[in-house]
Amino acid sequence: MGIKRKVVATALGLALCTGAGAEAVRAEVSAEVDALGNYLRVVVLSNASVKNPKIWSSHHERVQYVPLNPAGDLNGDLFPAIVENPLQGNRPWVVWSRFDGSDYSLAWSRWSGAWEPVRWVGVTAAGDDLDPALALDPLGRPYVAWWRDEQGVGAVYLSAFLDTRWMEPFAVSDGGVDSRYPTLTVEGDVVVVRYQTPDGPAQRVLAVLSGQDSINDDINPFERFTPPAPSSPVGDNN
């Protein structure tokens, strides 16, 4: 059915959308289901106010809306990346930056008849993990790219979901080069990560050596990628 998104810039904007006398600005990330509990789509309603941002707080009171992370705003959780798997009835995967008590780490969940318990993407590490990008391969396996603030220098990482867990973060960008805001595409056995550096856009192309269907929890995930060449500016044909 697709992801339903609605961004409300201000409390006034929400009042205009919901009618006079609306409650204070609220928001949510929920799965919408039909009367039989079948998944329909993700509903994303957010308040974009700088002074009072809200993303996760539950807005709907109907049983057809199942919130993922209703306490996320109190925790300071950031905006999620969402992708729906067409091979599994468009059931969604969600990854976002979640405060872990000292900084931001990546958390995830997916819909499998209900939202699965929120877990971390790998082991939490020092430095904020920010701006995740999600993509699926042709077999429906999710990949996530993000950047980590390592003492003021950004570093881009990549992970793929194996059978029951995410692989440990795979360093994509060049060490010591401030690299941020990745985007991600997966075409066949090729993963392309694009990101920003002080010298402009850069990209890295990674090939999955043995094919997507060979990935499982028992392999060394790093062996499934070709050794990356130094990242190059986008559009550089040399």
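Every read-out reported here was derived from the displayed coordinates using simple, explicitly stated rules and does not represent laboratory data. No experiment lies behind these values; they were computed from the predicted model shown. Please note: Cβ atoms are built from the backbone with ideal geometry, for glycine as well, and neighbour counts cover all protein chains shown.
Rounded to whole Hz and in sequence order, give me ³J(HN,Hα) for region 28-41 from the Karplus expression 6.51 cos²θ - 1.76 cosθ + 1.60, θ = phi - 60°, writing x for Gly and Pro.
With the stated coefficients, region 28-41 comes to 5, 10, 9, 8, 9, 10, 8, 5, 9, x, 7, 5, 10, 5 Hz.
If amide hydrogens are placed 1.01 Å from N in the peptide plane, which non-local residues have theirs closer than 5 Å to the one on residue 90?
85
Take the Cβ-Cβ distance between residue 32 and residue 199 as r, set R0 to 45 Å, and report the resulting FRET efficiency rounded to the nearest 0.05.
Working: r = 44 Å, r/R0 = 0.97.
It comes to 0.55.
How would you classify region 117-213 from its alpha-carbon gyration tensor, with a ≥ b ≥ c the square roots of the eigenvalues: rounded for a/c under 1.5, else prolate if a/b is greater than b/c, otherwise oblate? Present the calculation step by step, with values, prior to reporting the outcome.
Numbers: a/c = 2.19, a/b = 1.29, b/c = 1.71.
Oblate shape, in that a/c is at least 1.5 and b/c is the bigger or equal ratio.
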